[in-house]
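Reviewing the structure listed below.
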Amino acid sequence: MIDIKLVRETPEVVRRSQQARGEDPGIVDAILAADETRRSSLAAFEAARARQKAIGKEVAAASGAAKTALLAEVKGLAEQVKTLDAAATAADAELGTLARRLGNVIIDGVPAGGEEDYRVLETVGMPRDFAAEGFQPLDHVALGEGLGILDIERGSRVAGSRFYYLKGDGARLETAIMMLCQQVAHEEGHVALAVPNLVKEQTMAGAGFLDSHADEVYYLPADELYLTGTSEVALAGFHLGEILDLSAGPLRYTATSTCYRREAGSHGKDTRGIFRTHQFQKTEMFVYCRPEDAQAEHARLLRIERRILDAVEIPYRVIDVAAGDLGGPAARKFDCEGWVPTQERYRELTSTSNCTTFQARRLGIRERVTVESGEGQGAGGPGTATRIVATLNGTMATTRWLVAILENHQQPDGSVRIPQALQPFLGGQDMLKPAAR
């Protein structure tokens, strides 16, 4: 959630952000009203509590009618304190409920509007001219089945729609993609983590995945646990409730995990193949940094994503995602979209988001700083304070990349050239060849 002080001090900034997202700016006024109610309720409660503590000495020193009157006041104060405490608690809960409906305040320069209002920042590489090469490209399903590496029929039989099996070189190629990502992440200074795929509600909500996207999350009620749709969730919770030392620079992590998404609301979208599925592999980057370093870290994550896309030789473009298409935690997001020949359009392959302090505030993740640059006095002694850190995330690759790799590198005979960067992870293999009949 965003800092309530930002709403109090710059409500117009927050309203403009809401308008750019295509969301109700009126919630800002509702939050301000709830905040005022909470503050006045808390002040009344604290005043009554102070009087309750002070009256004890007066009762001890009084006698006769004065003491009787004070004892009556004590009884009334007890009821009053109880009522005011309940009112303050209810007001705080109401403010929290409203604040969780408010998305992160977007960064200046983010395009306003919805899904189609993105800004193209750069286009890299030229799509192949298959007509000039003398053949019609096959889609990834036909290629995968011809190569004997993809079995959607058995996946559907075993688990239902949007499930699949990768076989032989298909499974090996998926693993090779993730291994390339892990190698690049290591070279870029990210610490590798193996993360839980199940998390508690506190972590899932803290990462911002139970606000407007709760219907896409798999929940196990018997265990009160959630299946993660990205390792971003577990990575965001890695330092839950901690005070970090960022004196040596940002903390950078990466994880490869199995991800689960219900894909609610995607009925009829990408029903053929493995572009949009309920289960897939994904390698994710995550960064904790000082708020003033967040925009530089965002550019850095985008550079790493582009490094991997360049390595697998896929034409792509970089877009600045419009405000209305941002998730609640993101203040800005850049997507890299790869060219899919048979669809004749660019499709999302990577995404990197600057979540500023939105996630860390919910998760209670702070850093210790000097008072001069801090946000209020902390518990670290004179001259120190704590403040909320910034978090960022970036996709390195997912199983979806197989779609673009197979289609862009296919040959007239149905074989597929393996990009050179992936060959070391496949024992030097340079081609996927059609299965023997």
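The values are calculated or read from the model by the stated rules, or taken from the named source; none is laboratory data. Worth saying up front: this structure is predicted, and the values here are computed from it rather than measured. As a convention, Cβ positions derive from the backbone with ideal geometry for all residues, glycine included, and neighbour counts pool all protein chains shown.
A few remarks follow.
Conditions (1) within 20 Å of the chain's Cα centre (by Cα); (2) among the basic types (Lys, Arg), marked per residue:
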position: Tyr253; (1), (2): yes, no
position: Ser257; (1), (2): yes, no
position: Phe286; (1), (2): yes, no
position: Ala299; (1), (2): yes, no
position: Arg303; (1), (2): yes, yes
position: Phe334; (1), (2): yes, no
position: Thr342; (1), (2): no, no
position: Asn354; (1), (2): yes, no
position: Thr357; (1), (2): yes, no
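- Selected residue (only one of Arg172, Arg157 is without any contact (Cβ under 8 Å) to a residue 24 or more places away in the chain and assigned to a helix (DSSP H, G or I)): Arg157
- Within segment 147-171, considering residues that are out of contact with any helix residue (DSSP H, G or I) (no Cβ under 6 Å at 6 or more places or on another chain) and surrounded by 19 or more Cβ atoms within 10 Å (Cβ to Cβ), the one farthest from Met285 (Cα to Cα): Leu147
- Of all residues in segment 212-233 being acidic (Asp, Glu) and at pLDDT 95 or above, the one that is nearest to Thr398 (Cα to Cα): Glu232
- Residues that are part of a loop (DSSP other than H, G, I, E, B) and touching a Pro at 6+ places or on another chain (Cβ under 8 Å), drawn from segment 394-426: His409, Asp413, Gly414, Ser415
- Flag for Thr228 being β-branched (Val, Ile, Thr) and under 23 Å from Met1 (Cα atoms): yes
- Test: residue in segment 90-98 that is surrounded by 12 or more Cβ atoms within 10 Å (Cβ to Cβ) and in contact with an Asp or Glu (Cβ under 6 Å, 6 or more places away or on another chain): yes
- Among the residues listed as Ala112, Ala90, the single one being closer than 23 Å to Pro11 by Cα and either outside any helix (DSSP H, G or I) or within 31 Å of the chain's Cα centre (by Cα) (or both): Ala112
- Scanning segment 398-437 for residues that are of a type in the set (Gly, Ala, Ser) and either on the phi < 0 side of the Ramachandran plot or not assigned by TED's automatic domain parsing to the domain that holds Phe286 (or both) turns up Ala404, Ser415, Ala421, Ala435, Ala436.
- Subset of segment 195-232 [under 14 Å from Arg100 (Cα atoms), under 12 Å from the mean Cα position of the chain (by Cα) and not small (Gly, Ala, Ser)]: Met204, Phe209, Leu210, Asp211, His213
- Within segment 192-244, if we keep just the residues that are among the acidic types (Asp, Glu) and outside any loop (DSSP other than H, G, I, E, B), the residue that is surrounded by the most Cβ atoms within 10 Å (Cβ to Cβ) turns out to be Glu232.
- Residues considered: Val110, Val120, Val124, Val199. Of these, the only one that is closer than 30 Å to Gly428 by Cα and among the hydrophobic types (A, V, I, L, M, F, W, C) is Val124.
- For Val141, the stated conditions hold: it is assigned to a helix (DSSP H, G or I) and not charged (D, E, K, R).
- Count - residues of segment 63-87 that are more than 13 Å from Ala44 (Cα to Cα) and either of a type in the set (Val, Ile, Thr) or not in a helix (DSSP H, G or I) (or both): 3
- Restricting segment 316-336 to residues that are within 10 Å of Gly103 (Cβ to Cβ) and out of contact with any helix residue (DSSP H, G or I) (no Cβ under 6 Å at 6 or more places or on another chain), the residue that is surrounded by the fewest Cβ atoms within 10 Å (Cβ to Cβ): Gly327
- Taking the conditions (1) in contact (Cβ under 8 Å) with a residue 24 or more places away in the chain; (2) part of a loop (DSSP other than H, G, I, E, B); (3) among the polar types (S, T, N, Q) in turn, Ser247 satisfies each one other than (1).
- Check on Ile107, among the β-branched types (Val, Ile, Thr), in a loop (DSSP other than H, G, I, E, B) and within 26 Å of Gly364 (Cβ to Cβ): yes
- Close pairs from segment 92-104: first more than 22 Å from Ala44 (Cα to Cα), partner assigned to a helix (DSSP H, G or I) and of a type in the set (Lys, Arg), Cβ under 6 Å, at least 6 apart: Gly103/Arg21
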